[in-house]
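K.L.:
This structure is in structure tokens; I'll ask about it shortly.
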Amino acid sequence: MIRVGLIGLGMMGRHHARVLRNLDGVELVAVSDPGGDVHGAAPGVALYTDVDGLIAHGLDAAVVAVPTAFHETVGMKLAEAGIHTFIEKPIAADAEAGQRLVDAFAARGLVGAVGHIERFNPALQELKRRLEAGELGKVHQIATRRQGPFPGRITDVGVARDLGTHDLDLTMWLGGERFAEIHSQSAILVRDGREDLIAVTGRLKNGIITNHLVNWLSPMKERVTTVTGEAGAFVADTLTADLTFYENGSVETEWEALASFRGVKEGNVTRFAFPKQEPLKTEHEAFRDAILHGTEGIVTLEDGLHTLRAAEAVINGPSVSGTFNGS
């Protein structure tokens, strides 16, 4: 059994506690939050007010679900204590802090993971499997839309670091390469100093074109990823975990009025059926297996750092080709 501690019992921390308490091979032995366990997320589990008490309890691994500003401080203490660590995204408040975390865990040979949960959505996992099987042929473009109402719980970062990092990470994962260039437009409309809307275009190093629309200003909530390639397009809706394939046209549309908006040819449209497990459980299973067996299914600290660098380029303005070199 892996003895796990959880730091932070807020909105996300409570979900981590629920999953950890029911995960095979894992025992949630202690939790920590300066405000206590006010929501009763971990009854009967040892409770501390700071990470030092948690470390003293004796842990093999820890999950960090505190505000982004504290990721580096908490993460460094866990690294120094020799504890494998899962840090909620983004990895840190800025790339410099993220690099220090990467170096600290690497120097001690510890497993470090970042909570980019979208990779573990069953629709995107099925999409990744089909892309690797070559069902789409050459990929031309990856486009995402992530919109919804303003989340009052977010106070320490803007929409690029909070929501945009999901799409930047999943795009690199699906595309199999990191960004070569990124260009963006953003707007500050709700709070001073924090962007609320971003529109991003980019290109991965393998030539795949990307574009991303992200905001927390929309009255409608959508989470859609579209991958277009030689054979057609996959559309993943991560709210419903549905994956649909739109095949390139093969049947001519003889009705001229219909052809004007359907196209001169139509192809089959297929919505796939596949097992759908809660993404957070899949994510924790991957972290557990990385500790026990050295498997590679996690989002590494290096992955998280590169995603944060991409998000910073979005916030700071256009980047030039070559900026994203994986370093």
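K.L.:
Sticking to Cα atoms, compute the Rg of the chain to one decimal and its Dmax as the biggest Cα-Cα distance, whole number, in Å.
P.N.:
20.9, 74
K.L.:
Let me ask something else. Per residue, what accessible area does the chain have, given a 1.4 Å probe and all protein chains present, in Å²?
P.N.:
Dividing the accessible area of the chain by its residue count gives 45 Å².
K.L.:
If you don't mind, there's one more thing I want to ask. Considering only the other residues whose Cβ falls under 11 Å of the Cβ of N206, what net charge follows from Lys and Arg at +1 and Asp and Glu at -1?
P.N.:
Spelling it out: positives minus negatives among the neighbours equals +3.
K.L.:
Using Cα pairs closer than 8 Å and at least 6 residues apart in sequence, work out the relative contact order for the range 1-123, in percent.
P.N.:
After rounding, I find 22 percent.
K.L.:
Return the long-range amide H neighbours of G232 (sequence gap of 5 or more, or a different chain), with a cut-off of under 5 Å between placed amide H atoms.
P.N.:
Under 5 Å from the amide H of G232 lie the amide H atoms of N248, each far enough along the sequence or on another chain.
K.L.:
Moving on to the next point. Just to be sure I follow the rule: in the chain, considering lysines 8 or more places apart or on different chains, how many pairs have Cα atoms under 19 Å apart?
P.N.:
Count of close lysine pairs: 7.
K.L.:
Hey, any idea what % of the chain's accessible area is carbon plus sulfur with a 1.4 Å probe?
P.N.:
Solvent-exposed carbon and sulfur of the chain make up 51 percent of the total.
K.L.:
While we're here: Could you tell me how many degrees, from 0 to 90 and to the nearest 10, lie between the Cα long axis of helix 71-80 and the main elongation axis, the longest principal axis, of the Cα atoms of the chain?
P.N.:
Here the helix axis deviates by roughly 60 degrees.
K.L.:
Place a +1 charge on the Cβ of each Lys and Arg in the chain and a -1 charge on the Cβ of each Asp and Glu, then give the dipole magnitude about the Cα centre in debye, rounded to the nearest 20.
P.N.:
For the chain, the charge dipole is close to 200 debye.
K.L.:
Based on DSSP H runs of at least 4 residues, each adding -39500 (n - 2.57), what is the mean residue ellipticity at 222 nm of the chain after dividing by all its residues, to the nearest 500 deg cm²/dmol?
P.N.:
Taking each H run of at least 4 residues, the total per residue is -9500 deg cm²/dmol.
K.L.:
Can you order the peptides 188-196, 207-215, 116-124, 286-294 by their average number of other Cβ atoms within 10 Å per residue, highest first?
P.N.:
Ranking the peptides 188-196, 207-215, 116-124, 286-294 by packing returns 116-124, 207-215, 286-294, 188-196.
The values are calculated or read from the model by the stated rules, or taken from the named source; none is laboratory data. Note that this is a predicted model, so its numbers are computed, not measured. Note that each Cβ is placed from the backbone with ideal geometry, even for glycine, and that neighbours are counted across all protein chains shown. These area figures cover heavy atoms from the full protein model, side chains too; ligands, DNA and RNA do not enter into them. Shrake-Rupley method; radii C 1.70, N 1.55, O 1.52, S 1.80 Å.
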